[in-house]
């Protein structure tokens, strides 16, 4: 079976004196509104079904169904006298939100998306208890769209107190006595760019949503607000991209009637500040004069009287060798989460910044969560690694060792070896990568190998357990996670070195690791696959167009690929601080140099599976459609170029268990087939 033919309907435009021809612009249309795009999409999915019709698929799907049908737990969230938690039992499609009256008590389910319909496509992506634990707000995402309806319930009775419809990309909500502040946006169904119309509002419980008071509006398209509260104080953060932010404050004992005029706390800075209010102080996690970050603090009354100069603020936790990723405040001290060589470390500090002790975290592990109550002494967190499933711990900082609350019970039938190796990039920079394979594996230069990474937006990729990779390990596979520039695993300089005009360094890092794996006799090009999603989809798209000879298979998920038009779709305009702006002549030049869609030319491309979703409200599916069409037209080889377009899901959050099993089975079937893995 051959891939569907795709009509060329060239659109030629001149940008900064350069003619750019787009042969597949018509594939940007919405399939619900354009029959030609809908028909083409159906034909591509049919072709992909044929590509993935392989004997290994049934065996993998049965195994994955078993691996997915296990209990999963998030950390406990201690609030007041209660403990909130997200978990999913083996038989559930979606995670629920529950509460316990004690850590060892049976959980009582508060929100259960599994009862909302047979398909279980709607999910609860976040929840926020008030500071007493008596009320709970949560965000419902229909079909993975990340455009939320917000509900409020009474924790004791489970009764609904209030709800707000279509608040957009509401990820930040902060409670007061009688209501909450929240960040609202337009929705993805609105006019193009609607999600970039942002505001900060106050909702008084029991009142009409239309009467919510405006705290801030007309926020710039590249700026994202965040809110946090304590007692009568509201702190608003305005983050410009991923490298700088401003902080504002408001004191309002009755936000329903009092003035809501924000006062500046920190402005006119080129650094990032993440605020938290506790102990009558404003804590600020920042990279100001600290590339690996530090913690500042100031009395809240001084912050309200601001603006303040960060250079004169008390330093509570100094910069250290590790990158300070977060600080959790408790009544017993401050818990700092560090990344050292892209793995986690936990330390406890006194309120004056004196180091008390380190908490036990095994080597090459990741800590997640780290939740605590400002008024209590307990914290909860998860620990996982490449060879260890996630385990939930509860630790009373005043009482000895952490207690294991729950763990994911996966039958890891193969002993895995994990180590960190270093590879030299094109400019001489040493790039670390985690290498994982079964113990005793003979490295003969012919091992099937999967290389992945991200490299952008300060995102840190750290050790994590992937149950669906177990069959690959059992079959002799090698998994490699590269720590690329563009993340912040080594602080803000590591991020800066891989953004905007330096983005090519990220691709060079990735290619250097790939070449190093071949040189070190792990694998060879035809048995080396690369995988990445979102910004990581851009990564593998650039790698395959720059070095099609280096790889045997490419898995490219929800990707950015047209870097001359990304800013015209959905959230794209907000990413120009990270990538640069195509309408700027200097930015245009380096974007054109690496834009995967614009660098497809006749070549023997590796087998490629591009996956996208019609409900993706972050990265437009047009990137995947257009790239598929161009690769299918230009490849001179015989390996498949396939596209999977899904419905009832989005960029990745809120997927049901069944959907995850299907996706994983398809992805690993593709890799097993084109890497010639025997299972």
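The values are calculated or read from the model by the stated rules, or taken from the named source; none is laboratory data. Everything quoted here is computed from the prediction, not taken from an experiment. Positions of Cβ are generated from backbone atoms using ideal geometry, with glycine treated the same way; all protein chains shown enter the neighbour counts.
What the table below lists for this structure:
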{"quantity": "Qualifying residues in region 88-110 (those that are more than 22 Å from residue 135 (Cα to Cα) and free of Cβ contacts under 8 Å to residues at least 40 places away in the same chain) - the one farthest from the chain's Cα centre (by Cα)", "calculated": "91"}
{"quantity": "Of residues in region 9-22 being part of a loop (DSSP other than H, G, I, E, B) and out of contact with any helix residue (DSSP H, G or I) (no Cβ under 7 Å at 6 or more places or on another chain), the one surrounded by the fewest Cβ atoms within 10 Å (Cβ to Cβ)", "calculated": "17"}
{"quantity": "Residue 364 more than 20 Å from residue 294 (Cβ to Cβ) and outside any strand (DSSP E or B)", "calculated": "yes"}
{"quantity": "Some residue of region 577-594 being in a strand (DSSP E or B) and under 18 Å from residue 532 (Cα atoms)", "calculated": "no"}
{"quantity": "Some residue of region 56-66 being at pLDDT 95 or above, touching a strand residue (DSSP E or B) at 6+ places or on another chain (Cβ under 6 Å), buried (at least 20 other Cβ atoms within 10 Å of the Cβ) and closer than 26 Å to residue 466 by Cα", "calculated": "no"}
{"quantity": "Residue 85 being in contact with a helix residue (DSSP H, G or I) (Cβ under 9 Å, 6 or more places away or on another chain) and crowded, with 18+ Cβ neighbours inside 10 Å", "calculated": "no"}
{"quantity": "Contacts under 6 angstrom Cβ, first residue in region 602-613 being under 15 Å from residue 662 (Cα atoms), partner part of a loop (DSSP other than H, G, I, E, B), 6 or more apart", "calculated": "612/558; 612/621; 613/649; 613/650"}
{"quantity": "Residues satisfying the stated conditions in region 339-359, i.e. touching a residue at least 12 places away in the same chain (Cβ under 8 Å), assigned to a strand (DSSP E or B) and surrounded by 13 or more Cβ atoms within 10 Å (Cβ to Cβ)", "calculated": "339, 340, 343, 344, 345, 346, 347, 348, 349, 356, 359"}
{"quantity": "Qualifying residues in region 188-206 (those that are surrounded by fewer than 18 Cβ atoms within 10 Å (Cβ to Cβ) and in contact (Cβ under 8 Å) with a residue 12 or more places away in the chain) - the one nearest to residue 290 (Cα to Cα)", "calculated": "197"}
{"quantity": "Residue within region 526-537 that is touching a residue at least 12 places away in the same chain (Cβ under 8 Å), within 19 Å of residue 366 (Cβ to Cβ), over 23 Å from the mean Cα position of the chain (by Cα) and crowded, with 20+ Cβ neighbours inside 10 Å present", "calculated": "no"}
{"quantity": "Subset of region 480-507 that is in a helix (DSSP H, G or I) and crowded, with 21+ Cβ neighbours inside 10 Å - its residue that is nearest to the chain's Cα centre (by Cα)", "calculated": "495"}
{"quantity": "Exclusive hit being surrounded by fewer than 15 Cβ atoms within 10 Å (Cβ to Cβ), without any contact (Cβ under 8 Å) to a residue 60 or more places away in the chain, out of contact with any strand residue (DSSP E or B) (no Cβ under 8 Å at 6 or more places or on another chain) and not in a helix (DSSP H, G or I), set 53, 42", "calculated": "53"}
{"quantity": "Number of the exception - residue 621 against (1) crowded, with 24+ Cβ neighbours inside 10 Å; (2) in contact with a strand residue (DSSP E or B) (Cβ under 6 Å, 6 or more places away or on another chain); (3) farther than 16 Å from residue 558 by Cα", "calculated": "(3)"}
{"quantity": "Filtered residue count, region 58-81, keeping only those that are touching a residue at least 40 places away in the same chain (Cβ under 8 Å) and over 28 Å from the mean Cα position of the chain (by Cα)", "calculated": "3"}
{"quantity": "Which numbered condition residue 1 misses (of (1) surrounded by 13 or more Cβ atoms within 10 Å (Cβ to Cβ); (2) in contact (Cβ under 8 Å) with a residue 40 or more places away in the chain; (3) over 30 Å from residue 124 (Cβ atoms))", "calculated": "(1)"}
{"quantity": "Any hit, region 539-555, residues being closer than 20 Å to residue 646 by Cβ and surrounded by fewer than 24 Cβ atoms within 10 Å (Cβ to Cβ)", "calculated": "no"}
{"quantity": "Selected residue (only one of 217, 165 is within 25 Å of residue 243 (Cβ to Cβ), touching a strand residue (DSSP E or B) at 6+ places or on another chain (Cβ under 8 Å) and exposed (fewer than 15 other Cβ atoms within 10 Å of the Cβ))", "calculated": "217"}
{"quantity": "Residues of region 220-263 that turn out to be within 31 Å of the chain's Cα centre (by Cα), surrounded by 18 or more Cβ atoms within 10 Å (Cβ to Cβ) and over 25 Å from residue 499 (Cβ atoms), as a count", "calculated": "11"}
